[in-house]
Amino acid sequence: MYNRKLVSLAAALVLALSAVSVGSAKGNFNEDNNQRRLQTIEPLNIAILIQDDLVSQVSNEIGATRDFIRSLPQGSSVMVGYITAGSLQVRQPFTADLEKAARSLRIPAGSTSRSPFNPYVEVIEALRKFDRNATNANAILLISDGLDTSRGFDSTAAGYTIDLQRAIKEANKRNVSVFSFYAPSVGLTSHNRIAASYGQSSLSRLSKETGGRAFFQGTTGFVTFNSHFARLRETLNRQYARAR
């Protein structure tokens, strides 16, 4: 059952992300070809979760995220939420109206006043909003710095905090794969390499142990989501080829 879920999820995300990466310079032929490919794959249920205190550069990537949502196959269901100040702000509950979901995205606040102690409590809250009886594959795309400071800044706990372990357990219980994009927050991870490393370690464990994948490049600065989407597409292509 795990392999079937991964194949279905991989196929949906691979082709959806392929559509996002197509440039306008390639013309209508490639756009039409991508559309035909999208019509042959299974839909999925996906929650897009964005940490609200990420650096201002993340606002430039909202357009790419909207394009990703719009490129999902018909029959998909999307939820959009923001992890902000210890709560999950659901901007758009699960809906099959992809355009409506895309429009619900907003620019992150980029303020320490919106910082969570960690994103994992809100990931658990989002997981509980998935329909247990749904037939689509389930996924979360978490855009976060991954840092958990709820119980102090302790190197021995990096990647092994209580809330992270609870999130992994809940995701596996509900058959939801978590994919994650690392981006620094305006707090510690924007200027502290150790903090960034701790956050990335946690995101990596969350994704790896739920059947997803974490994407990041280095511990300083910000890498655009274009490179993350491209690497995710390549990874899922390989996974899908092996599973088949």
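Brief remarks on what is shown
- Put simply, of Ser56, Ser77, Ser104 the only residue that is surrounded by 15 or more Cβ atoms within 10 Å (Cβ to Cβ), hydroxyl-bearing (Ser, Thr, Tyr) and farther than 18 Å from Ser177 by Cβ is Ser104.
- Condition met for Ile168 (over 20 Å from the mean Cα position of the chain (by Cα), part of a helix (DSSP H, G or I) and free of Cβ contacts under 8 Å to residues at least 60 places away in the same chain): no
- Each residue in segment 171-217 was checked for being crowded, with 18+ Cβ neighbours inside 10 Å, at pLDDT below 90 and not in a helix (DSSP H, G or I), and 4 pass.
- Of all residues in segment 137-150 being over 17 Å from the mean Cα position of the chain (by Cα) and assigned to a loop (DSSP other than H, G, I, E, B), the one that is modelled with the highest pLDDT: Asp148
- Boolean, Leu105 is part of a strand (DSSP E or B) and either of a type outside the set (Gly, Ala, Ser) or touching a strand residue (DSSP E or B) at 6+ places or on another chain (Cβ under 6 Å) (or both): no
The values are calculated or read from the model by the stated rules, or taken from the named source; none is laboratory data. Just so it is clear, the structure is predicted and the values come from calculations on it, not from any experiment. Because the Cβ atoms are built from the backbone with ideal geometry, glycine has one as well, and the counts that use them run over all protein chains shown.
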